[in-house]
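Engineer: Handing you a structure now.
All of the numbers you see were taken from the coordinates with simple rules; none came from a lab. In this text, all values refer to a predicted model and were calculated from it rather than measured experimentally. Note that we place each Cβ from the backbone using ideal geometry, even for glycine, and neighbour counts take in every protein chain shown.
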Amino acid sequence: MVKNAIRANVKHKKRLICLDMDGTIYLGNQLFDGVKDIFKYFELNKINYVFLTNNSSHSLPFYVDKIRRMGITCSEDNFYSSIDTTIKFLQKENIRTVYVLGVTSFKEELKKHFTLVDEASDIVPEVTLVSFDTQLKYDELKAACLYIQKGSRFIATNMDYRCPIENGLYIPDCGGICLTIEACTNKKPQFLGKPAPEMLYQVMEKFGVSREETLMIGDRHYTDIMAGINSGVETVGVLTGETTKEEFLSAEHQPTYILDSIADLIEILEK
């Protein structure tokens, strides 16, 4: 019996496991106990897995290197970020001009696909795009507010309000920055990363799997679990990160399963 499981029957064999990272498989730079065994199980049973991250301030090679240094074999195919989600979405919408609040590496990636305008542009960009910007300056924030008020479409990579750092402290994340812009413009953004379903839709299409064959695992209810629920896939909430068992159980939309740790996942997959 899986400890702390809430509905214990899986009707379809899972072919794709979507995972959060920090708080789900590791904390800081330390893997949780049993994580390596889970990834060996994925390999032996030919189950695809992909890490989903809302963080647009790091490129995929950064994450590949981080996970490999922890002893897990992976490649860029095992990662999908809000950067990937955003680029694919904007291309689908035929967007050409974008004003970006984001770190340099994010802007450089966007330049490969779109025309980026700056704070002094006379052109009102089709989209004002907000992301997790650790290099944010007031003039850039001001320009975003002005462009949105002039009719630019307000889009954001993710709705995370805060980003955890050392010693249990937090710094403003994309959603926190968006709240400032909302207060100024009276406009709400369209979020693309978790918990919006767009990221999971794109990943399921990439791997050619159905909703029934997909499982979403994470420690945050309002991003990870709600992304799975909004996408119509089964979910696993783990108690190694931000959300407590009581918070999972009191939520309007509960995860399919609640586990002490991802180390208990094999019992679910084999039922």
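Engineer: Nearest 10 degrees is fine. How inclined is helix 60-69 to the longest principal axis of the chain, computing both from alpha carbons?
Structural biologist: Its long axis makes an angle of about 30 degrees.
Engineer: Sorted from largest down, what three extents in whole angstroms do the Cα atoms of the chain have along their principal axes?
Structural biologist: Dimensions of the chain along the principal axes of its Cα atoms: 62, 35, 33 Å.
Engineer: Okay, helix-only estimate at 222 nm for the chain: each DSSP H run of n ≥ 4 adds -39500 (n - 2.57), divide by all residues, round to 500 deg cm²/dmol; what do you get?
Structural biologist: -9500 deg cm²/dmol
Engineer: Count neighbours as other Cβ atoms within 10 Å of each site's Cβ, and list the trypsin sites (Lys or Arg not before Pro) in the range 144-189 that are DSSP loop with at most 11 such neighbours. Before the final figure, lay out the partial values.
Structural biologist: Details: sites: Lys150, Arg153, Arg162, Lys187; in loops: Lys150, Lys187.
Loop-located and lightly packed - Lys150.
Engineer: Quick one: which of Lys14/Lys111; Lys137/Lys206; Lys112/Lys150; Lys46/Lys66; Lys14/Lys188 span more than 28 angstrom between C-alpha atoms?
Structural biologist: Values: Lys14/Lys111 37 Å; Lys137/Lys206 36 Å; Lys112/Lys150 26 Å; Lys46/Lys66 23 Å; Lys14/Lys188 36 Å.
Listed pairs above 28 Å: Lys14/Lys111; Lys137/Lys206; Lys14/Lys188.
Engineer: A further question on this structure: Rounded to whole Hz and in sequence order, give me ³J(HN,Hα) for the range 158-164 from the Karplus expression 6.51 cos²θ - 1.76 cosθ + 1.60, θ = phi - 60°, writing x for Gly and Pro.
Structural biologist: 6, 9, 4, 6, 9, 10, x
Engineer: Please list the non-local residues whose amide H lies under 5 Å from the amide H of Tyr26, H modeled 1.01 Å from N, same-chain partners needing a gap of 5 or more.
Structural biologist: Close amide H contacts, sequence-distant or interchain: Phe32.
Engineer: Regarding the range 95-191, what is the average projected area of its C-alpha convex hull, in nm²? Spell out each step's value before the answer.
Structural biologist: Values: hull surface 24.3 nm².
Approximately 6.1 nm², given one-decimal rounding.
Engineer: So how tilted is helix 198-207 from the main axis of the chain? Cα-based, degrees 0 to 90, rounded to 10.
Structural biologist: Between helix and principal axis, roughly 60 degrees.
Engineer: Taking the chain as a Gaussian network, where each spring joins two C-alpha atoms under 10 Å apart, which residue of Lys194, Lys92, Lys245 fluctuates the most?
Structural biologist: The residue that fluctuates most here is Lys92.
Engineer: What ³J(HN,Hα) values, in whole Hz, does the Karplus curve 6.51 cos²θ - 1.76 cosθ + 1.60 give for the range 144-156 when θ = phi - 60°, with x put for Gly and Pro?
Structural biologist: Values per residue, Gly and Pro as x: 4, 5, 5, 4, 5, 5, 8, x, 5, 6, 8, 10, 9 Hz.
Engineer: Rg and Dmax of the range 21-140 over Cα atoms: what are they, in angstrom?
Structural biologist: Expressed in Å, the Cα Rg and Dmax of the range 21-140 come to 17.5, 57.
Engineer: Something else: Separation of the range 74-123 and the range 214-271 by C-alpha centroid, Å?
Structural biologist: Each part reduced to its Cα centre gives a spacing of 30 Å.
Engineer: Moving on. Over 21 Å, how big is the tail of the calculated P(r) for the range 204-267, in percent of all Cα pairs?
Structural biologist: Values: 399 of 2016 pairs.
Pairs farther apart than 21 Å: 20 percent.
Engineer: Can you list the trypsin sites (Lys or Arg not before Pro) in the range 10-70 that are in a DSSP coil and have 12 or fewer other beta carbons within 10 angstrom? Provide the component values of the computation, followed by the final result.
Structural biologist: Working: sites: Lys11, Lys13, Lys14, Arg15, Lys36, Lys40, Lys46, Lys66, Arg68, Arg69; in loops: Lys11, Lys13, Lys14, Arg15, Lys46.
Those that pass, being in a loop and sparsely packed, are Lys11, Lys13, Lys46.
Engineer: Picking from Gly176, Gly28, Gly228, which is most flexible by a Gaussian network model of the chain using Cα springs under 10 Å?
Structural biologist: Gly28
Engineer: Counting only residues 5 or more places away or on other chains, whose amide H sits under 5 Å from the amide H of Phe191 once H atoms are built in the peptide plane?
Structural biologist: It is Ala156, by chain and number.
Engineer: For Thr243, what residues show an amide H to amide H distance below 5 Å, using hydrogens built from the backbone and excluding near sequence neighbours?
Structural biologist: Hits under the 5 Å cutoff: His221.
Engineer: Highest GNM mean-square fluctuation, the chain, Cα pairs closer than 10 Å: which of Ser261, Ser121, Ser131?
Structural biologist: For the chain, modelled as a Gaussian network with Cα springs under 10 Å, the answer is Ser121.
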